[in-house]
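Structure record follows, encoded as structure tokens.
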Amino acid sequence: MNKAGLIFVGISIMIALGFMIPAFSMPGGSVDGAPGPGYFPIIVSLLVIIFAIIQGITYLKEDVKTFEQTETQVKNKPTLFITCVTILVYTILFSIIPFIPLTIITIGFLNWLYGKKWVHNSIFSVVFTVVVYLIFSKFLHVML
Amino acid sequence: MKKKLLVLLLVVLVAFSLFAEGSKEKGKFPTKQINIVVGASPGGTSDVVTRFIAKDVETQLGVPIVTTNKPGGSCSVAFEYMAAQKPDGYNMMYMPVESAMVKPLGLTTLEPSSIRYIGLAMYLPATVTVNKNAPWNTFEELIAYARANPGKVTVGNSGTGSIWHFGAAGIEQVTGVKFNHVPFDGGAAAATAVMGGHIDVAAVAPGEVLPGVQGGDLKVLAIVDKNRSNLYPDVPSFGELGYDVKVLGWGAFGVPKDTPDDVVAILEDAFGKAIQSQGFRDLCEKYGLTPGYLNAAASQEFAEAQAVWYQNEIPKFNLK
Amino acid sequence: MDWITAFAGVFRPDVFFYLVVGVVSGAVIGTLPGLTATMAVAVLTPISFWLEPACGFAMLIGVYNSAIWSGGISAILINTPGTPASMASTFDGYKLARKGYSGLALNINTIWSVTGGLLSTICLATFSFPLARFALKFGPAEFAVVALFGLTMMVSVSGSSPIKGLLVGFLGLLFSTVGLETIHAFKRYTFGQVGLLDGLNFVAVMIGLFGIGEILHQIYTSEREENVIQAEVKTKGQMPSPKLLASLVPQNLFAAAISIIIGAIPGAGGDIASIVSWGQAKRMSKFPEEYGEGSVEGLSVTCTANNAVIGGAMTTMLSLGIPGDAVTAILIGSLMMYGMTPGPMLFIENRPFVLTLIAQMVIANLVILVFGLTTSKIYPRLLAVKKTTLWVVVLFSCFVGAYAINNSTTDLIAMAVFGIVGFFFKMLDVPNGPFILGLLLGGLLEANLRRTLAMTMGSYSIFFTSVISVTLLIIAIVSLFLPSIISGIKKKFRTK
């Protein structure tokens, strides 16, 4: 049995249901013959469920432990987790906090997390942020 | 060690916040770059008009004016963005006809009264265009055929709920026929489908059918406007044919609602000059737009009246 | 004679200067993930208005060709496509780089991109009108079949497990339904978020899955102090031998042909062309098992494909005035600003200008060839930094790039979420390709299927009466089953 695989299959089925159930209450096709907005999501989510079940059976028969971690992976797990959280927090704060301070702090934090020396870290985070800001905001006119 | 780092970070932050604020001179406008947001992709009519006007205003005001595209949801993404910006005159938006339609369409809660218009630049008529091999040579022939065969004539528009969808529906209303509406992703795609013979009619903007007309693949039967278009001087207008014009596209500029009056006055003046310039009139001719300037107060009134009209009409089209 | 004047015109110092400026800026913008060729051209368009048409267009043509080419550089080096068109180049390009053949992969990218660009320019110069006429025959019904044909590639890009690939492929199709749909203007799964009205941005999701997913995977699995390139960079064999190049010619000619047609069809671009070419080449290859594991052949067809699209798209744009893809839509705008309307009349009224454009396409590709081959040694050296530095640089380039597509924080958040999804896909050995393909083609398939049914009042018969659609359906079915039939027959013979 492949536990991680089965979780993936389970999530896929849940997503498919999440798309399928609201699709049934969407308006029907119009008089001129075009099928309604629910038509396509219902068909596709059915296909997802069918293939998820087939794949699920394969995973049940499989005899592997996917998440047998190596030593490096065990050691890196906290770093990975914090990086993921940082990415999400950064993207959510992006529209709230101005670009330059937010980016300098986030890069500084990540560099610290990855064990960079502080001199290198502070120069790198400030210079990189400013260069990115100048290129994107001043030259490419992105609204940072 | 960490303390030093913290201090350094703070110093940098303070330096940058000072830098970002820039020179803050009271009572003088403008002193820095003005941003104009376009709620559509680059290359379309909205984008071209905005960039052209921006270039003119730039020389008048002496500050850089930067046009950025923020497409999505018939301009509602850009609309919501603009309504939340600082009302200091440095944030502006191109306000197309869709700004009066997005609320009744259920895309956002914003409407023309949520923004301050500073001037209307032009109107955009629909053209009734068919393939060169189509059996109809006049608008009347097309309507006669459509009347005899209800629901059989396929009319391409730029998407359900888009301006040209209502444009075609407006033609149905005044002529009393029934079309089969086929939504496309944008007016150019509908014009292409007519060129390929996949649908019968495209009721889209004049510029969108121009290459096909010039190349002899398409013929324009009517302009849905009171007067003829400079682009197609031989094509009769709805006014001449004796029909009412129900739906017309338009484009204006706007700023967040609470922008101070003196700033609005400066922008109104500069944009008014740019819109009434010969250069812009030439551009309009090239794209088949109808130049027509309205000042801040008049454009506000016009946009709000349009919003009332769409609020009444859109539910009748039974979109959902 | 016209041609000589046209080519001589490109070598005017100012025109040539702007052409090179275009190529260099295109190379920079194209390499950065999220900054697409469309954006590169959009940014330079206002600048080009200050110049005379020949100079302005030299710059735009340079940027367009170069940004598509350089999208492959980041695909090869950091597994993040610089532009959507180079998505399929990650499949083999990144594997090659991991094996120490980054120089070879970059040179293959340059050589075949330029070949694709030149072949498509020849098409543009010789039979643009018939080609554009043919492209017009693609209506909604044919589009739906093209999308369906593209979806059969899900099996090819699935790697070892087709079932897993189909599962995520259909998940991708499902996610493509988010947003306001064009047919009934109904809001699906937007949860009241205005940012989701236009659906999940394909480029943002792609950057997340490929770029962020790869970085997270490295953070999890590797020792921190390592330098980026683990495998020893091979010094020999970085410049492909003539023999190797010659062996790749047939597949690439075929890929170029497919891609020129796809490019000419309005609304279908390099992303679809490169993935279809890759899938098709894999099906026809003698070594399909190498595809996705670092096949030079696989990489070369994707490179040919995305640049061959340019000539196709330009064909439709110039001869009919219809945009063949997003970039040519902007080019139409700038042509009109210069007082020229693209379309058949352009060839008659402004013939010298059309010839100049074609000459510029040729020269731009040659400049890319020289520029690309000379700089290919520098790029891998840029990666000779500590892994941790690269992680931060790639992460933040992806962030800013994803935001820059539409100035949208929704895109940014979508990128972050799919980045984490990409990591789990990698851990579970689930391929990214089918998901991206589903997301890319879902809208095309659904909208055109429903548009066709709106046109025909609900009748499906058009799919079986249109010559193009029937032909494509047959090709799709045959190419889906032929490889397994052939291998089945071979096995039988062997066992006998």
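For segment A:55-135, the set of trypsin sites (Lys or Arg not before Pro) satisfying both a DSSP loop assignment and a count of at most 13 other C-beta atoms within 10 Å is given as A:65, A:117. Over the protein assembly as shown, the alpha carbon radius of gyration divided by the compact-protein estimate 2.2 N^0.38 Å works out to 0.92.
How about segment B:249-308: which trypsin sites (Lys or Arg not before Pro) there lie in a loop by DSSP and see at most 16 other Cβ atoms within 10 Å? Before the final figure, lay out each step's value.
Details: sites: B:257, B:273, B:281, B:286; in loops: B:257.
Loop-located and lightly packed - B:257.
Only the Cβ atoms of Lys and Arg (+1) and of Asp and Glu (-1) were treated as charged; on that basis the dipole of chain A about its Cα centre amounts to roughly 540 debye.
Starting with the fewest neighbours, write out C:98, C:351 ranked by other beta-carbon atoms found within 10 Å of each beta-carbon. Kindly include the intermediate steps, with their values, before the conclusion.
Details: C:98 15, C:351 12.
Taking fewest neighbouring Cβ atoms as first place, the list is C:351, C:98.
The DSSP beta bridges internal to the protein assembly as shown are antiparallel in roughly 65% of cases.
Calculated mean residue ellipticity, 222 nm, chain C: -24000 deg cm²/dmol, from DSSP H runs (n ≥ 4) at -39500 (n - 2.57) each, averaged per residue and rounded to 500.
Remark: relative contact order (chain B) = 24 percent; criterion is Cα-Cα distance under 8 angstrom and separation of 6 or more residues.
What trypsin sites (Lys or Arg not before Pro) does segment C:345-439 have in DSSP loop regions with at most 16 other beta carbons within 10 Å? Write down the numbers at each step before the final one.
Numbers: sites: C:377, C:381, C:386, C:387, C:426; in loops: C:377.
Here the trypsin sites (Lys or Arg not before Pro) that fit, given the DSSP loop and packing criteria, are C:377.
Extending 7 Å from the Cα toward the beta-carbon at both residue C:381 and residue A:62 defines two label points whose distance is 4.4 nm. Past 27 Å, Cα to Cα: identify those pairs from B:70/B:132; C:99/C:243; B:70/B:286; B:103/B:246, in the order given. Violating the 27 Å limit, Cα to Cα: B:70/B:132.
The modelled label-to-label distance between residue B:285 and residue C:134, using points 7 Å beyond Cα along the C-beta direction, is 4.1 nm.
The sum of -39500 (n - 2.57) across all DSSP H runs of n ≥ 4, divided by the residue count of chain A, sets its helix-only mean residue ellipticity at 222 nm to -23500 deg cm²/dmol. For segment C:401-425 versus segment B:196-238, the inter-centroid distance based on Cα atoms is 42 Å.
Looking only at other chains, what is the average number of their beta-carbon atoms within 10 angstrom of each beta-carbon in B:189-200? Don't jump to the answer; show the numbers that get you there.
Values: counts 7, 0, 2, 11, 8, 0, 7, 11, 3, 13, 5, 1.
Going residue by residue through B:189-200 and averaging, the value is 6.
Highest mean packing first, where packing is the average number of other Cβ atoms within 10 Å per residue, the peptides C:205-215, C:23-33 line up as C:205-215, C:23-33. At an R0 of 51 angstrom, the distance between the Cβ atoms of residue C:471 and residue B:85 translates into a FRET efficiency of 0.45.
For peptide C:37-49, what's the mean number of Cβ atoms from other chains within 10 Å of each residue's Cβ? Write out the running numbers ahead of the final one.
Details: counts 0, 3, 4, 1, 2, 9, 5, 0, 4, 7, 0, 0, 3.
The mean count of partner-chain Cβ atoms within 10 Å per residue comes to 3.
Annotation for residue A:112 and residue B:149: the two label points, set 7 Å from Cα along the Cα-Cβ direction, are 7.4 nm apart.
Once Lys and Arg get +1 and Asp and Glu get -1 on their Cβ, which of B:236, C:7, B:204 lies farthest toward the positive end of the dipole of the protein assembly as shown? Result: C:7, furthest along the dipole toward the positive end. Summary value for chain A: 21 percent relative contact order, contacts being C-alpha pairs under 8 angstrom separated by 6+ residues. Listed by chain and number, the aspartates and glutamates whose alpha-carbon sits under 20 Å from that of residue B:152, ignoring those within fewer than 8 places in the same chain, are A:32, B:140, B:141, B:172, B:200. Straight Cα distances below 19 angstrom link residue A:77 to the aspartates and glutamates A:68, C:214, C:223, C:225, C:226, C:429, with same-chain residues fewer than 8 positions distant left out. On the beta carbon distance between residue C:244 and residue A:82, with R0 = 51 Å, the FRET formula returns roughly 0.70.
Could you work out, residue by residue across A:40-53, how many beta carbons of other chains sit within 10 Å of that residue's beta carbon, and then give the average as an integer? Kindly include the intermediate steps, with their values, before the conclusion.
Values: counts 14, 10, 0, 4, 13, 5, 1, 7, 9, 2, 3, 10, 4, 1.
If you average over the peptide's residues, the count of other-chain Cβ atoms is 6.
Go ahead and estimate [θ] at 222 nm for chain B from helices alone: -39,500 (n - 2.57) per DSSP H run with n ≥ 4, summed, over the residue count, rounded to 500. After summing the helix terms and dividing by the residues of chain B, the value is -13000 deg cm²/dmol.
Magnitude of the Cβ-charge dipole of segment B:227-320, K/R +1 and D/E -1, about the Cα centre, nearest 20 debye? Mind showing how you got there, number by number?
Values: 8 positive and 13 negative charges, 83 e Å.
Approximately 400 debye in magnitude.
How much of the calculated P(r) for segment C:68-205 lies past 27 Å, in percent of all Cα pairs? Everything past 27 Å amounts to 43 percent.
Could you put C:112, C:3 in order, starting from the residue whose Cβ has the fewest other Cβ atoms within 10 Å?
Values: C:112 29, C:3 11.
The most exposed by this proxy come first: C:3, C:112.
Take the Cβ atoms of residue A:139 and residue B:297, set R0 to 51 Å, and the FRET efficiency comes out at 0.85.
Each value in this text was obtained by applying a stated rule to the coordinates, not by laboratory testing. Predicted model only: the values in this text are computed from it and were never measured. Positions of Cβ are backbone-derived with ideal geometry, glycine not excepted, and every protein chain shown enters the neighbour counts.
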